[in-house]
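One structure is given here, and the rest of the page talks about it.
Quick note: the coordinates plus some simple rules give every number you see, no bench work behind them. Quick caveat: nothing in here was measured; it's all calculated off a predicted structure. All Cβ positions, even for glycine, are placed from backbone atoms using ideal geometry, and neighbour counts span all protein chains on display.
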């Protein structure tokens, strides 16, 4: 018989892992609430037309498509589909897809509920997404995203607020040294305008998006191969280097983009953001301007974010996001600018574990185990357990009357700090015998004394 195995890129989580994941989730959630975001949820899958065509060429191939319900070939001519290309076949047998991210479903939600929400609308969403990516360290096919978005405002105050939100989360996680990289797609559009290659904007963003994976020379060669001239490519990489020291090179950057209206606007946006943080320092993070940052998703139109881990950690981005002006328009709702960010829980988990930043986490949340001395006491055990639970003490009773050694061993293996003896003697004399599993000390206690000890410790 073949052993069951998990699909590649998916995982099971044990109790200890879940405690640690929830530690991160709760910190992120608390910060979302602190910054004024409220929760929503959307389905795990959407109609295929909702998702397709929103993520660019690279993202499109990573979407998990779902076959039509039931007999998906029922209304399809089998002889006809044999001759079809994949791109033509897919619409005939597919009508749904697992969500690739939480942003496009959010845009769909806004359009469908536009008469029931208050603009600007702020929401957070913590749910799984799926991508048919090649599994590797920190990259899975099913993973949890923690998103926050504001829709209905073009104010750059939102960009500043999201940068502050990033830093607040990292501060609460005690994670120092993250780099919050920012750029604006306006400057990438301007570069294409300056070198008269407007038709190659997608090529530019897709290639720049690979700079964290490929050597600069490889990306340069790819751009030239795609039709960019050598002098244009050299100039692009020169301005990328200039951007990494924004304050010192501001005037040079203004000069570089002065011939482009949208480029001038983009530099002005970045200047506004940096001016605020020049007087209001981030606590745990560093703000970096990088024109090489592209985020190859089609719906971004303005400022974009990408957060990288501390320099001593070898891993890709742990958070990102950006402004999107036209996302709801594809669903029929115009003039609804939005901006959002997303934390990658799995990579955050790996980093915090590597840096040993998790608080000491119990394997089991149970505080006290009531030992079982036979059926004569079964009702008592249930009653005692429920009484302790009503006082917010996590309590478990051992269900079977087995050897005391086996029951104590169970408590030790699950790191339960206290065990409660309640047998013939305790019942007759109206007391409880509580043992501290760490020190080995035992105490005979009344009910009130028992509650006091368990609540205070």
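The table for this structure:
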item	result
Gyration tensor verdict on the stretch 269-351 (Cα atoms; rounded if a/c is under 1.5, prolate if a/b is larger than b/c, oblate otherwise)	oblate
Extension gain from residue 261 to residue 44, taking 0.36 nm per residue of separation minus the Cα-Cα distance	74.0 nm
For the chain, fraction of C-alpha pairs farther apart than 37 Å, in %	43 percent
Compactness index (Cα Rg / 2.2 N^0.38 Å), the stretch 368-456	0.98
Contact order relative to length of the chain, as percent, for alpha carbon pairs under 8 angstrom and 6 or more apart	16 percent
The stretch 243-302: projected area of the alpha-carbon convex hull, averaged over directions, in nm²	4.9 nm²
192, 178 arranged by Cβ crowding within 10 Å, fewest neighbours leading	192, 178
Sorted by Cβ density within 10 Å, fewest first, the residues 19, 124	19, 124
Shape box of the stretch 280-399 [Cα atoms, principal axes, largest first, Å]	73, 44, 28
Per-q log10 I(q)/I(0), the stretch 97-137, q = 0.16, 0.28, 0.34 Å⁻¹ (Debye; single scatterer per alpha-carbon; no solvent)	-0.53, -1.06, -1.23
Hull shadow area, averaged, the stretch 166-296 [alpha-carbon convex hull, nm²]	8.2 nm²
R0 of 25 Å, Cβ-Cβ distance residue 119-residue 179: FRET efficiency to nearest 0.05	0.15
Ellipticity estimate at 222 nm from DSSP helix runs (n ≥ 4, -39,500 (n - 2.57)) divided over the chain, nearest 500	-12500 deg cm²/dmol
Cα centroid separation, the stretch 297-316 to the stretch 249-279 (Å)	20 Å
Computed label-point distance, nm, for sites residue 202 and residue 429 using a 7 Å Cα→Cβ extension	8.2 nm
Residue order, fewest to most surrounding Cβ atoms within 10 angstrom, among 40, 318, 330	330, 40, 318
Simple label model, 7 Å out from Cα along Cβ direction - residue 286 to residue 134, nm	3.0 nm
Contact order relative to length of the stretch 219-293, as percent, for alpha carbon pairs under 8 angstrom and 6 or more apart	38 percent
Diffusion coefficient, µm² s⁻¹, Stokes-Einstein with Kirkwood Rh over alpha-carbon pairs of the stretch 119-207 at 37 °C and 0.692 mPa s	197 µm²/s
Contact order relative to length of the stretch 368-456, as percent, for alpha carbon pairs under 8 angstrom and 6 or more apart	28 percent
Inter-label distance for residue 312 and residue 390, nm, one decimal - labels placed 7 Å from Cα along Cα-to-Cβ	5.2 nm
Percent antiparallel among DSSP beta bridges (both partners in the chain, rounded to 5)	80 percent
